[in-house]
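The structure under discussion appears below in the form of structure tokens.
The values are calculated or read from the model by the stated rules, or taken from the named source; none is laboratory data. Quick caveat, the model's predicted, so the values are computed rather than measured. Glycine gets a Cβ as well: all are built from the backbone with ideal geometry, and neighbour counts include every protein chain shown. Accessible surface areas use protein heavy atoms only, side chains included; no ligands, DNA or RNA. Shrake-Rupley method; radii C 1.70, N 1.55, O 1.52, S 1.80 Å.
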Amino acid sequence: MRLRRIFFTISWWVAAILFVAFLAFPVLWMLSTSLKPSGEIFHIPPTWIPEHPTLHSFTTLWQKGNFLRYLGNSILVALATTGIAVVVASMAGYAFARLPFVGRKSVLFGILAAQMIPGVLFLLPIFMLMKQLGLLNSYLGLILANVTFALPFAIWMMYGFYKHIPAEIEEAAWVDGAGFGGTYFRVVLPMGRPGLLSCAIFCFLSSWDEFVFALALNTRDELRTMPVGLYNFVGQYGIEWNYLMAGALLVTIPAMIFFALFQKQILSGFAAGAVKG
């Protein structure tokens, strides 16, 4: 019995280490490639540890490219998308969870069905809509497009989280004379803080690495976001892998920091949505 338990413990740890190594492989390869000189990238066999490590890719990216401009655009678009999507998803999720209006379930499952359709199928309609509204080559057009794709999942997440909150607490607030607005802002929102944080992180990350719509809607260089800016290193006759990997690594760091700081809130928010969704 004891040998069996030791065997399963060792097997579990080996599987966990292999899984972590599998997940860490892309990040480690990005780091290794970004530190290599151009001539060393295509060595056969490839080297994990650079023979002549250099920060040339990072310094060039920082000094000569529009890295800071692209980074500022990404932060602006991601934060605006997150703010709008969280406000709308919070109110919509609460309405679906608590208000008994006609067709509630049909609309809710319609939102879920919209989430299942690949976003690229909406590229042409959204492009034509933004063109008619005069929002091509603008931050607002890209923000509205990102909000469109973040909202369905965000609404479902907040719906599941509000269903997890006991209705008796809200009824007690109503009895105390809080009213609908007071109950929502003073009771429901504070209790739904973990769900709001999870929703915000999801919306931020989905907007942070969005590429297709950022490329199609904003063609002016000063309006490009980081994922599209990195595409500049993909040329007609080759790819500048060291610069591309250095930029990709710098773009990945904020997302990794976000997840490391708020991983408990993310997991609790997803778990709450899964239980009652």
For the range 80-196, take the alpha-carbon Rg, divide it by the Kirkwood Rh, and send me Rg/Rh. 1.06
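S11 to L140: FRET efficiency via 1/(1 + (r/R0)^6), r the Cβ-Cβ distance, R0 51 Å, to the nearest 0.05? Mind showing how you got there, number by number?
Numbers: r = 54 Å, r/R0 = 1.05.
The pair S11/L140 has a calculated efficiency of 0.45.
Using Cα pairs closer than 8 Å and at least 6 residues apart in sequence, work out the relative contact order for the range 114-191, in percent.
Details: 20 pairs, mean separation 18.6, N = 78.
Reported relative contact order: 24 percent.
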In Å, what Kirkwood hydrodynamic radius results for the range 150-248 from the alpha-carbon pair distances? 17.0
I'd like to check one number: the per residue accessible area of the chain, probe 1.4 Å, reported in Å² as a whole number. 59
1/(1 + (r/R0)^6) with r = Cβ-Cβ of A21 and M191, R0 = 41 Å, i.e. FRET efficiency to nearest 0.05, evaluates to 0.55
When only alpha-carbon atoms count, how far does the range 47-108 stretch along each of its three principal axes, as whole angstroms with the largest first? 67, 29, 15
Using only Cα atoms, figure out Rg for the chain and give it as a multiple of 2.2 N^0.38 Å. 1.25
Select from A200, L230, L123 the residue farthest towards the positive end of the dipole of the chain; place +1 on Cβ of Lys and Arg, -1 on Cβ of Asp and Glu, and compute about the Cα centre. A200
Expressed as a percent, the accessible surface of the chain that is carbon or sulfur, using a 1.4 Å probe and the full set of protein chains, is 73
Mean separation of Cα contacts under 8 Å (6+ apart) over length of the chain, as relative contact order %: 31
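Using unit Cβ charges (K, R positive; D, E negative) and no other charged atoms, how large, in debye to the nearest 20, is the dipole of the range 156-227 about its Cα centre? Please list the in-between numbers first.
Values: 5 positive and 8 negative charges, 19 e Å.
So the dipole magnitude of the range 156-227 works out to roughly 100 debye.
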